[in-house]
Amino acid sequence: MHRTLLRALGALLLVGAVATALLYRDRLDLAALEAWVSGAGAAAPLIFIGLYALATVLFLPGAVLTLAGGALFGPLWGTLYNLIGATLGASLAFLIARHLAGDWVQARAKGLLARLIQGVEAEGWRFVAFTRLVPLFPFNLLNYALGLTRIRLLPYLLATLVFMLPGALAYTYLGFAGREAMAGSEGLIRNGLIALALLAAVAFLPRLIARLRQRQAGADRPRESHPGSV
């Protein structure tokens, strides 16, 4: 009873925090964020990673922070900090969902929900990898949803970290290119073309992954036996 009460209280606090964050999300200004983080000196990367993780947990749009990471830290370090922040936030959301409602959902899952959970668990890290490469579901919501399954934390964390890299690199470079354009950099055209090429590659990933999955499904399907075959 005491544990149930603590879970209910934790769920209420989470809902209240998310509702407050969404209510004031319009105040998440890119210029103000850049000014605040850049003024933090050597602690700027840690502060930025913490903010990114918190934003992920509270359902705030990560695109703004990803662009800010590219503008503040450049394409290399910006990608690294964006990736760490997003993975940390995704893992926190995963653990929050698992500890608050994982057992409750597993015990009461029936019908379509039960089949969905079983399907996700059967795929394991491959499902996580697919959804990170092909963002069919909202990122912040998916983190919580996967915490309600029995996927282990380490495969979830590693698949998230590795397979979010293409998207993180593309959007970080876009933020970097935008910053360089505003500064009147000589490499404006080059940076713009690189950013567009990365975005095009990320946009093509869903088709590539779908083709690979179709080929894999065809290879796994047992061949039909023909008359006279041994």
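Observations, loosely collected:
- Inter-label distance for residue 18 and residue 203, nm, one decimal - labels placed 7 Å from Cα along Cα-to-Cβ: 3.1
- Under 13 Å, Cβ to Cβ, from residue 173 - net charge with Lys/Arg +1 and Asp/Glu -1: +1
- Across 34, 121, the residue with the most accessible area heads the list, and the full order at a 1.4 Å probe is 121, 34.
- Label-point separation, residue 40 to residue 64 (7 Å along Cα→Cβ), nm: 1.6
- Exposure of residue 91 as accessible area (Å², to 10), given a probe of 1.4 Å and all protein chains: 10
- Potential extension, residue 182-residue 136 segment - 0.36 nm per residue separation minus Cα distance: 13.3 nm
- Simple label model, 7 Å out from Cα along Cβ direction - residue 47 to residue 30, nm: 2.0
- Ranking of 164, 182 by solvent-accessible surface, largest first: 182, 164 (1.4 Å probe, protein heavy atoms only, all chains present).
- Each other residue within a Cβ distance under 13 Å of residue 90 adds +1 if Lys or Arg and -1 if Asp or Glu, for a net charge of +2.
- Residue by residue, the range 136-153 carries 3J(HN,Hα) couplings of 6, 10, x, 4, 5, 5, 4, 4, 5, 4, 5, x, 8, 9, 9, 4, 6, 5 Hz when phi is fed to the Karplus relation 6.51 cos²θ - 1.76 cosθ + 1.60 (θ = phi - 60°); x denotes Gly or Pro.
The values are calculated or read from the model by the stated rules, or taken from the named source; none is laboratory data. Predicted, not measured: the structure shown is a model, and the values here were computed from it. Backbone-built Cβ (ideal geometry, glycine too); neighbour counts: all protein chains shown. Each accessible area value is taken on the protein alone, full model and side chains, heavy atoms only, with ligands, DNA and RNA left out. Shrake-Rupley method; radii C 1.70, N 1.55, O 1.52, S 1.80 Å.
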